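Q: Please read through the structure below; I'll follow up with questions.
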C-alpha cells in the first residue's frame, strides 16, 4: 500500500498530483529534467528548519513501510534509466 506524498494520512489514489510539472502549470511531468537544473553552477536544497531537540527527530523520520513502494513496483524509472538524463548526469559528474 503506497501513501500519498502530499498527505501522509492518505492512501495513494493515483490522482497524479505528484506528476504535475513544477515549472509549467498544468503540464504532466515527462521527465525532461529541467527542474533538476543540471546546467547550474551549484546545487542547493531547501532546509525548512533545524531540529535542536533530539526528542523531535521521530516526528520527521519516515516509517519503513512507507519506503517500500519501490520494491512493490518493478517498473520504477530512475534518472539513470532515461538515456538523455543519464548522459547529462554523467557529464555533470565528470566535470
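The values are calculated or read from the model by the stated rules, or taken from the named source; none is laboratory data. Computed from a predicted structure; not experimentally measured. Here the Cβ positions follow ideal geometry from the backbone for every residue, glycine too, while neighbour counts run over all protein chains shown.
Q: In region 71-95, which residues are assigned to a helix (DSSP H, G or I), loosely packed, with under 10 Cβ neighbours inside 10 Å and either modelled with pLDDT under 70 or within 17 Å of the chain's Cα centre (by Cα) (or both)?
A: Of all residues in region 71-95, those assigned to a helix (DSSP H, G or I) come to 71-72, 79-81, 83-94.
When the remaining residues are screened for being loosely packed, with under 10 Cβ neighbours inside 10 Å, the result is 71-72, 83, 93-94.
Selection gives 71, 72.
Q: Is it true that residue 12 is surrounded by 11 or more Cβ atoms within 10 Å (Cβ to Cβ) and over 22 Å from residue 83 (Cα atoms)? It would help to see each step written out before you state the result.
A: Values: surrounded by 11 or more Cβ atoms within 10 Å (Cβ to Cβ): yes; over 22 Å from residue 83 (Cα atoms): yes.
So residue 12 passes the test.
Q: Take residue 23 and tell me if it is modelled with pLDDT of 85 or more, assigned to a loop (DSSP other than H, G, I, E, B) and touching a helix residue (DSSP H, G or I) at 6+ places or on another chain (Cβ under 9 Å).
A: Numbers: modelled with pLDDT of 85 or more: yes; assigned to a loop (DSSP other than H, G, I, E, B): yes; touching a helix residue (DSSP H, G or I) at 6+ places or on another chain (Cβ under 9 Å): yes.
Criteria met by residue 23.
Q: Now, a different point. So the check is Cβ under 7 Å with 6+ separation or different chains; which pairs have a first residue in region 1-16 that's farther than 24 Å from residue 27 by Cα and a second one that's loosely packed, with under 11 Cβ neighbours inside 10 Å?
A: 1/11
Q: Six or more apart or on different chains, Cβ under 6 Å: which pairs go from a residue in region 19-40 that's in contact (Cβ under 8 Å) with a residue 24 or more places away in the chain to one that's part of a loop (DSSP other than H, G, I, E, B) and surrounded by 12 or more Cβ atoms within 10 Å (Cβ to Cβ)? Could you list them?
A: 31/82
Q: Quick test for you: out of 61, 36, pick the one residue that is modelled with pLDDT under 80 and touching a helix residue (DSSP H, G or I) at 6+ places or on another chain (Cβ under 9 Å).
A: Values: 61 fails: touching a helix residue (DSSP H, G or I) at 6+ places or on another chain (Cβ under 9 Å).
Every option except 36 fails the conditions.
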